[in-house]
Amino acid sequence: MSELFPEVVETPRLRLVARRPKHVGVHEAYDLCSAPEMDDVTRYMPWSRHETPKVTKDFLDRGESSWTDAESADYAIIPREGEEGAGEIAGFGGLHTEWDRRVGELGLWLRPRHWGRGYSGERAAALAALAFDAFDLDVVSVSHVADNEKSQRAIEKYTAALGGGLDGRERNSIVIDGDPADELRYSVSREDWLDATGGDYDAEFRWDVDPDDVR
């Protein structure tokens, strides 16, 4: 195991593949990130849909640098065989690590056609297990813009399932389209997670992967 983060994370319905240029093509990602539907995705995000392939290249390059610097385990989210849209990138998400605070922060966005399938919670359960079981972190946290009701419903559901919940409201903690906005923050502690799950999880972490078997 030569790297800290697993190249592939597999759950019953999803395959998470490292967001690195060697695994995700610039033009494949650009076609996704520049699509008009991304206006719905980025409504509550501090960025907008990609205007050029260069923006997408920078996005993938940041994934590579944060990976090699052990700052973030970022992944392309890909439905597995048997799911609608199997094999295509449904979105991107990952776990940002704050090693000095022993905290991992979840992030995710999905294309609208993949909303409402429970992928957010399935991915969160896997990455929380990675944080606690493999990385020995103490807390997993996640936030959303306070007005984002879809994210609120999903996050409330999966943090409760993992044993955590709402911590509070952070005022003017993010800027959306030039305007400050509030966020709601949730967290799960290792103890919460162990009490709720018994330390069991339905995910496989793969560090040593044949390059031809990643996608």
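Per-structure values
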| read-out | value |
| --- | --- |
| Global geometry of segment 140-215, whether rounded, prolate or oblate, following the gyration tensor of its Cα atoms and the 1.5 cut on a/c | oblate |
| Choice from Glu122, Glu51, Glu183 with maximal GNM fluctuation in the chain (Cα, 10 Å cutoff) | Glu51 |
| Packing-based ranking, highest mean first, of 97-104, 85-92 given that Cβ atoms within 10 Å are counted | 85-92, 97-104 |
| Loop trypsin sites (Lys or Arg not before Pro), segment 14-84, which have at most 15 other Cβ atoms in a 10 Å radius of their Cβ (DSSP) | Lys22, Arg80 |
| Student exercise, the chain dipole from Lys, Arg, Asp, Glu Cβ charges, in Debye to nearest 20 | 460 debye |
| Beta bridges by DSSP in the chain, antiparallel share as percent, to the nearest 5 | 95 percent |
| Selection from Ala131, His23, Val8, by position along the positive dipole direction of the chain (Cβ) | His23 |
| Segment Trp99-Leu194, extension gain: residue separation times 0.36 nm, minus the distance between their alpha carbons | 32.2 nm |
| Overall form of the chain per C-alpha gyration tensor (a/c, 1.5; a/b vs b/c) | rounded |
| Lysines whose Cα lies under 18 Å from that of Lys57, excluding same-chain neighbours fewer than 8 positions away | Lys22 |
| For segment 125-215, size of Cβ-based charge dipole, Lys and Arg +1, Asp and Glu -1, in debye | 360 debye |
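Every read-out reported here was derived from the displayed coordinates using simple, explicitly stated rules and does not represent laboratory data. Since the structure is predicted, the reported quantities are computational estimates derived from the model, not experimental observations. FYI the Cβ positions are ideal-geometry reconstructions off the backbone, even for glycines, and counts take in every protein chain you see.
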